[in-house]
Amino acid sequence: MDKDVSRSAASVVCILSRMWYSVSMKRKSKNQSSKVNRRRIRQRRRSGPAAAFLLTLCMVVSIGIAGMLLLRLFASGRREEKAFGLMDFGVSSEKIPKEIEEEPQQPDSRYAAELSDEEYREKNRIYAWESSSEDAVTFGFVGDFLLDDEYAIMASLLKRGITIENGISEPLLAQMREVDIMVANNEFPFTDRGTPTADKTFTFRADTDTVSYLHDMGVDVAVLANNHIYDFGEVGLLDTLDTLENAGIPQVGAGRNLEEASAPLYFIVNDMKIAVVAATQIERLDNPDTKGATESSAGVFRCWNPDKLYETVAKAKENSDFVIVYIHWGTENQAEPDWAQLEQAPRIAEAGADLIIGDHSHCLQGITYCGDTPVIYSMGNFWFNSKTLDTGMVKVTIGQEGLKSFQFVPAIQSSCKVDLAYGEDKERILAYMRGLSPDVRIDEEGFVSKN
């Protein structure tokens, strides 16, 4: 680079010297000519000052151009030196994303590279997310909800008026919308096609237009790992995937193949990366009505054989700071966890789960800890049928050091509507949860801590 600069400077000096020499020789030749008459001599004398001025101006302009050229060459040299310096430290300037090089989004973020690479995020189901807090993120979780207009919930809503407030109370909606990421179990497919599964007692589906209710509820993630998402066959599941994608709602727990069905969702927020994994062990058969995804066919992420789930959780833990597992398990209408839940919960925690959220039993089940991992075995129905049932919402706050708070918010489903529990009902439900959860403390506001 120094040789190039020196060579350019020498060329400029050489050109200026030749210009000066040419002008001098011409003037000398004119002074020595004996053939010049008096008139031309007088004219040259009169024009002498003007010629000197023009010559001086030419020299000044030439020197200025030369200076600008030298300055530009010097600056270019500095830029190349900077690039060479990056490569000396093993960093190629060509591989640094332009937007990060010019104006970093998060200069101190561990995940700046992932955030800047949109193609990578899309391929790996990574979402850049905003939080209401600068140093934490809140998640909300609820159990089963159903939007099939041939069953009680939607039939009642249509009679009352189709706004969501006629099915879920405004105070409860406010809590659902207030959390940063709201997760709910989508216990049906969105489809207008397919045929119902033969010999199945209950088969559900909802019109694709009703996906707008998820936005009204504040739902950010739809869990599809359950035993009703395949009620109208593969076509119904595929329609559901398309419907949620078109609505901009991430889903987890099902997919067009096993890779997609088992893939976690990742959320990057406040320099934390949080994974959400969803799986189902229902139905517990070798050939269930709800098909498990394979390498080449659509279905749910099944974990009756849990090895693939443990592997997925462990990998998610390697790639994130906090892992949430939402799992469909248990025995219907049974408040006590069954043997499969008791067997799998500690193994899921050992694999790397930091929080386990369960549902399927249609009733509340207890809360415990597997090591440092809190587990709620089942949140019960949320907004699912006409029965009067105790239910609730789980709210957790996650910070850089892990789980900051775990709260169970009591609620009641009654007459096809769900509302927060108040007064004696709230105290009764919390007392009931304490009875199911001997290993934890639950205070008067539902905050849970380890004994």
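Could you check ARG205 against (1) of a type in the set (Lys, Arg); (2) at pLDDT below 95; (3) touching a Ser or Thr at 6+ places or on another chain (Cβ under 6 Å) and say which number it fails? In the conditions (1) of a type in the set (Lys, Arg); (2) at pLDDT below 95; (3) touching a Ser or Thr at 6+ places or on another chain (Cβ under 6 Å), ARG205 misses (2) alone. If you go through segment 121-148 and pick out every residue that is touching an Asp or Glu at 6+ places or on another chain (Cβ under 6 Å) and over 16 Å from VAL269 (Cα atoms), you end up with 3. Of the listed requirements (1) closer than 18 Å to GLU283 by Cα; (2) of a type in the set (Val, Ile, Thr); (3) open to solvent by 10 Å² or more (accessible area, probe 1.4 Å), ILE229 misses just one: (3). Only one of the numbered conditions (1) surrounded by fewer than 24 Cβ atoms within 10 Å (Cβ to Cβ); (2) within 20 Å of GLY446 (Cα to Cα); (3) not basic (Lys, Arg) is not met by CYS416, and that is (2). Take the conditions basic (Lys, Arg), at pLDDT 95 or above and either on the phi > 0 side of the Ramachandran plot or open to solvent by 10 Å² or more (accessible area, probe 1.4 Å) (or both) and apply them to ARG347. Does it pass? Yes. One residue stands out among those in segment 160-172 that are touching a residue at least 12 places away in the same chain (Cβ under 8 Å) and part of a helix (DSSP H, G or I): the one that is surrounded by the most Cβ atoms within 10 Å (Cβ to Cβ), which is LEU172. Going by what's in this entry, would ASP289 be described as open to solvent by 10 Å² or more (accessible area, probe 1.4 Å), touching a Lys or Arg at 6+ places or on another chain (Cβ under 7 Å) and of a type in the set (Asp, Glu)? Yes.
Rundown of residues vs (1) buried (at least 18 other Cβ atoms within 10 Å of the Cβ); (2) out of contact with any Gly (no Cβ under 6 Å at 6 or more places or on another chain); (3) assigned to a helix (DSSP H, G or I); (4) among the aliphatic types (A, V, I, L, M), yes/no style:
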residue: GLU130; (1), (2), (3), (4): no, yes, no, no
residue: GLU134; (1), (2), (3), (4): no, yes, no, no
residue: VAL142; (1), (2), (3), (4): yes, yes, no, yes
residue: ASP148; (1), (2), (3), (4): yes, yes, no, no
residue: MET154; (1), (2), (3), (4): yes, yes, yes, yes
residue: LEU158; (1), (2), (3), (4): no, yes, yes, yes
residue: ALA174; (1), (2), (3), (4): no, yes, yes, yes
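Kindly indicate whether ASP199 is charged (D, E, K, R), touching an Asp or Glu at 6+ places or on another chain (Cβ under 9 Å), at pLDDT below 95 and surrounded by fewer than 21 Cβ atoms within 10 Å (Cβ to Cβ). Judged against the criteria, ASP199 is a match.
To keep it simple, each residue is scored yes or no on (1) more than 30 Å from THR203 (Cβ to Cβ); (2) free of Cβ contacts under 8 Å to residues at least 24 places away in the same chain; (3) among the hydroxyl-bearing types (Ser, Thr, Tyr).
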site: ARG256; (1), (2), (3): no, no, no
site: GLU260; (1), (2), (3): no, no, no
site: VAL276; (1), (2), (3): no, no, no
site: GLU283; (1), (2), (3): no, no, no
site: CYS303; (1), (2), (3): no, no, no
site: ALA316; (1), (2), (3): yes, no, no
site: VAL323; (1), (2), (3): yes, no, no
site: THR331; (1), (2), (3): no, no, yes
site: ALA335; (1), (2), (3): no, no, no
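Within segment 115-128, the set of residues being among the charged types (D, E, K, R), buried (at least 16 other Cβ atoms within 10 Å of the Cβ) and assigned to a helix (DSSP H, G or I) comprises ARG121 only.
The residue that is farthest from GLY140 (Cα to Cα), counting only those in segment 350-386 that are surrounded by 23 or more Cβ atoms within 10 Å (Cβ to Cβ) and among the aromatic types (Phe, Trp, Tyr), is PHE384.
Each residue in segment 181-228 was checked for being in a loop (DSSP other than H, G, I, E, B) and within 27 Å of the chain's Cα centre (by Cα), and 12 of them qualify. A Cβ distance below 6 Å, combined with a sequence gap of six or more or placement on separate chains, defines the contacts here; from segment 414-435, residues that are touching a residue at least 40 places away in the same chain (Cβ under 8 Å) reach residues that are among the hydroxyl-bearing types (Ser, Thr, Tyr) and surrounded by fewer than 19 Cβ atoms within 10 Å (Cβ to Cβ) in the pairs CYS416/SER156; CYS416/SER386; ASP419/SER169. The residues of segment 310-340 that are under 23 Å from GLY292 (Cα atoms), over 23 Å from the mean Cα position of the chain (by Cα) and surrounded by fewer than 24 Cβ atoms within 10 Å (Cβ to Cβ), listed by number, are THR331, GLU332, ASP338, TRP339, ALA340.
What do you reckon, is SER405 touching a strand residue (DSSP E or B) at 6+ places or on another chain (Cβ under 6 Å), among the small types (Gly, Ala, Ser) and on the phi < 0 side of the Ramachandran plot? So SER405 fits the description; yes.
The values are calculated or read from the model by the stated rules, or taken from the named source; none is laboratory data. On a predicted model such as this, the values are computed, not experimentally measured, just so you know. Note: ideal-geometry Cβ built from the backbone for every residue, glycine included; neighbour counts use all protein chains shown. The protein model used for the area step is the full one, side chains on, heavy atoms only, and it has no ligands, DNA or RNA in it. Shrake-Rupley method; radii C 1.70, N 1.55, O 1.52, S 1.80 Å.
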